[in-house]
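Enquirer: Have a look at this one before I ask anything.
The values are calculated or read from the model by the stated rules, or taken from the named source; none is laboratory data. Keep in mind that this is a model prediction, so the values were computed, not measured. Please note: Cβ atoms are built from the backbone with ideal geometry, for glycine as well, and neighbour counts cover all protein chains shown. Keep in mind that these areas ignore ligands, DNA and RNA; they rest on the heavy atoms of the full protein, side chains included. Shrake-Rupley method; radii C 1.70, N 1.55, O 1.52, S 1.80 Å.
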Amino acid sequence: MSPDSGPFHPDLDRQKSLWARIWEHRALYAAISPFYILFAVFGLFPIAFSLYLAFHKWDGIGVMTYNGLNNFKYMLTDAEFWQAVGNTFMIWIYSTIPMLFFALIIAFLLHAPFVKFRTLFRVGYFLPNVTSIVAVAIIFGALFANNYGFLNYLLQSIGLPVVEWLNAPWGIKVAISSMVVWRWTGYNAIIYLAGLQSIPQTLYEAAKIDGASAVQSFFRITIPMLRPVILFTVITSTIGGMQLFTEPQVLVGNDGGSGAAGMTIVLYLYRESFINNYFGYGAAVGWGMFLIIALFSIVNWKLVQGKSS
Amino acid sequence: MIRRKRTCWTAMIMACVLLISGCSVWPGQDDAASSKKVALTLWYWNRSIDDKLIARAKEKFPNIELTAQKIGGDFKAKLKTTLAARSGEPDIVALNDWIMELFPSEDRFYNLYDLGAGEVEDQYLPWKWKQGVTPNGQMIGFPMDTGPTALFYRADLFKEAGLPSEPEEVARQIDNWDAYAAAGEKIKEKFDGKVFLTDNIGSVYSQVLSQASERYFRPDGSFIGMDSPAVRTSWDTAVAFKQKGLLANADGWTPAWNAAMNNGEIASFVGAVWMKQVLQEAAPDTSGQWRVTRAPGGDGNNGGSFLSILKSSKHPKEAFELIRWLQSPENQLEQYQTLNLFPSAPGVFDKPALKEKETFFGGQATGTVFAESAQHVPDAFFGERYPSVHNIITRRLNDIAKQNADPQQVWSDTVHRVEREAASVKA
């Protein structure tokens, strides 16, 4: 960079006003502007507009009228909203615990020295993640179907009674959770694997010399060293779990299936906004969900962090 | 430095050009002006208008440059987004039976009465015509096809269970929902509970309701209340069907429904005329066994569509001429033959096309049954909140049918829920 090119001379620039400095480097600002313009149009504006919308009544086409805090009041007193919150948490628990557990085991196995064709396995475990969710939901729908479903076929053929998966409240949640587990276990395993690979081998060697068993070194070295990675996966799966939508929507429909047992918060938001045309209310639900995710992420963060310190 | 700056600007400008050229759609006003043609766009969904008819319309109206666009995916969502954006609207748009959701936005549509719709009003079924007219008397939807309902039943299963099997006889003996339920109990007994009378609780409720002359709202927008006789009767009938074990719990549009129909687990259902097509595709193995007769409890309607002209159109007169021609009785008759769209113009009901024998229905001419039904559909006002209220009730009924929830408990929950929705502050 030649001395006259400007942007890296804060001492000289300080004498001028901010706008003058921006104008002087306008070409560079223009060059980086596409991101900011796109972000403003597709990121910032919708967020700001949804906040504005949350205080209005709007059917999507007609006139918007100011509605004060009514949308939020309605949300807080709506049994279906709270059911959706409860469902979302249940599905999150049903899916996240087995998912992270399996992911850790898979990562540990992939990291083990005796495994051959590692790249093949890594690609294999990652594949579910790039499969279309709609396709996944349709296949799982066929697996869990009440009549003519594959799981019920298996149960019947070993002489067990048929389970009405998609009629029972817990069955719907299990079906949705299993989809999440299937889809995200490999993804988390790859992340854990990266974490495992960053643990210096010397730590294990030192432990071995001191006479530690494999189990001891797993709990005393691997888990503590993986903590930041585990934190990361817990937070991302919290956010992902709270935003669950396509799986239940394709599997059990816009109403969350029988007894609304598969109604998640986002599905509720979607139905109220885009099926029932309560756009203002939908925006309010969106902000409610934002608060829930924020609170829940903080709680999780504290929990996972707290254990170590 | 100067050179570098210039390169930078060039890159910027090129990026902008790319961005703009990527999303620019310059309307072809110049072309239209030079050829002196009126440019009209039409939005419809697959199988709502015959493509050949559209091709003929282009010959019939040489002064109109018609761009007919088949909108795939969620048609309603796309239309509503376009209306909300107030840009890129078509001149003419097809609307489905959710037309009442757009009544609050009647000012976004031309009043077809102003364009001369009154001249042809007597050619169409009055109840159908009224569905396109808002409570303020603005006509925003021109009648396309309709969905008169009838009883679809398996003649072989009915016969085996000792029930009448000829359409006239079935209609005479099973002329109300109680008689229909009694027939269902006979079937259940005969086939040891392996064959069910009908598919699901929601369809029973909706079909009883569709035979009534009121729904949930009055034309002035006020809520009738859940104690309206129509709602109560429909609910009680649906719950009784569940309690008597007459439902297969097969939801429509699912592989389970198709399989149950094809395997002969369902002996009958009340459905609209377009179910003919759905049934034939779902249950090819049962061809020849089905018959159609007038529904127990009376005639009703499910579905059917409309054509509207948006206020943003610059050529409403030409658009209306086109609509009027597309949906003329003769062209409706033609679309009945090509796409199975049931006419809303009763003038063509006695034409040979409706009397054609159908092998899937054992050689019965089902068109005449639906034509009779279509002429006896009661007038009913829906109201723009009909879909959300109706949806609350049918999904609660599902809890009774599938989770054995206590009907009394569900009823009081539903009343509470629907009243909350009717008094909603949300929209």
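Enquirer: State the number of residues belonging to the range A:62-79 that are open to solvent by 60 Å² or more (accessible area, probe 1.4 Å), more than 9 Å from chain B (Cβ to nearest Cβ) and assigned to a helix (DSSP H, G or I).
Expert: Number of matching residues: 1.
Enquirer: Next up: Taking the range A:165-182, which residues are more than 16 Å from B:Asp251 (Cβ to Cβ), within 14 Å of chain B (Cβ to nearest Cβ) and among the aromatic types (Phe, Trp, Tyr)?
Expert: A:Trp170, the sole residue that qualifies.
Enquirer: Still on this structure, please answer the following. I'm told B:Gly245 meets every condition in (1) touching a residue at least 24 places away in the same chain (Cβ under 8 Å); (2) assigned to a loop (DSSP other than H, G, I, E, B); (3) farther than 30 Å from A:Asp255 by Cβ; (4) not basic (Lys, Arg) except one. Can you identify the failing condition by its number?
Expert: For B:Gly245, the exception is condition (3).
Enquirer: Just the residues that are among the polar types (S, T, N, Q) and open to solvent by less than 40 Å² (accessible area, probe 1.4 Å), please, taken from the range B:64-109.
Expert: Once the filter is applied, which keeps residues that are among the polar types (S, T, N, Q) and open to solvent by less than 40 Å² (accessible area, probe 1.4 Å), the range B:64-109 yields B:Thr82, B:Ser105.
Enquirer: Just for the range A:123-164: of the residues that are over 24 Å from A:Trp184 (Cβ atoms) and away from chain B (no Cβ under 14 Å), which one is least open to solvent (accessible area, probe 1.4 Å)?
Expert: Per the stated criteria, the residue is A:Leu155.
Enquirer: If A:Gly211 satisfies all but one of (1) in a helix (DSSP H, G or I); (2) open to solvent by 50 Å² or more (accessible area, probe 1.4 Å), what's the number of the condition it fails?
Expert: (1)
Enquirer: Here is a check on your reading of the model: is A:Thr65 under 17 Å from A:Ser273 (Cβ atoms), free of Cβ contacts under 8 Å to residues at least 12 places away in the same chain, of a type outside the set (Gly, Ala, Ser) and out of contact with any Ser or Thr (no Cβ under 6 Å at 6 or more places or on another chain)?
Expert: yes
Enquirer: How about the range A:33-61: which of its residues are open to solvent by 90 Å² or more (accessible area, probe 1.4 Å) and either within 12 Å of another protein chain (Cβ to nearest Cβ) or at pLDDT below 90 (or both)?
Expert: A:Phe35, A:Ile37
Enquirer: Right, something else. State which residue is nearest to B:Gln131 (Cα to Cα) when the search covers only the range B:373-426 and only residues that are within 14 Å of another protein chain (Cβ to nearest Cβ), open to solvent by 40 Å² or more (accessible area, probe 1.4 Å) and outside any helix (DSSP H, G or I).
Expert: Among residues in the range B:373-426 that are within 14 Å of another protein chain (Cβ to nearest Cβ), open to solvent by 40 Å² or more (accessible area, probe 1.4 Å) and outside any helix (DSSP H, G or I), the one nearest to B:Gln131 (Cα to Cα) is B:Glu384.
Enquirer: Considering each of A:Gly256, A:Gly286 in turn, give the residue that is within 30 Å of A:Thr65 (Cβ to Cβ), in contact (Cβ under 8 Å) with a residue 24 or more places away in the chain and part of a helix (DSSP H, G or I).
Expert: One residue alone meets the criteria, A:Gly286.
Enquirer: Which condition number does B:Ala260 fail, the rest of (1) within 14 Å of another protein chain (Cβ to nearest Cβ); (2) open to solvent by less than 30 Å² (accessible area, probe 1.4 Å); (3) touching a helix residue (DSSP H, G or I) at 6+ places or on another chain (Cβ under 7 Å) being met?
Expert: It fails just one condition, (3).
Enquirer: Regarding the range B:112-128, can at least one residue be identified that is of a type outside the set (Asp, Glu), closer than 25 Å to A:Ser273 by Cα and open to solvent by 20 Å² or more (accessible area, probe 1.4 Å)?
Expert: Taking every residue of the range B:112-128 in turn, none turns out to be of a type outside the set (Asp, Glu), closer than 25 Å to A:Ser273 by Cα and open to solvent by 20 Å² or more (accessible area, probe 1.4 Å).
Enquirer: Residues in the range A:225-232: is at least one assigned to a helix (DSSP H, G or I), modelled with pLDDT under 90 and either open to solvent by less than 10 Å² (accessible area, probe 1.4 Å) or at positive phi (or both)?
Expert: no
Enquirer: Do you know which of the residues in the range A:254-270 that are under 15 Å from A:Ala79 (Cα atoms) and not aliphatic (A, V, I, L, M) is farthest from the other protein chains (Cβ to nearest Cβ)?
Expert: Only one residue tops the list, namely A:Thr264.
Enquirer: Turning to a different aspect of this structure: With A:Ile199, A:Ile298 as the choices, which residue is open to solvent by 20 Å² or more (accessible area, probe 1.4 Å) and either among the β-branched types (Val, Ile, Thr) or within 14 Å of chain B (Cβ to nearest Cβ) (or both)?
Expert: Result of the check over A:Ile199, A:Ile298: A:Ile298.
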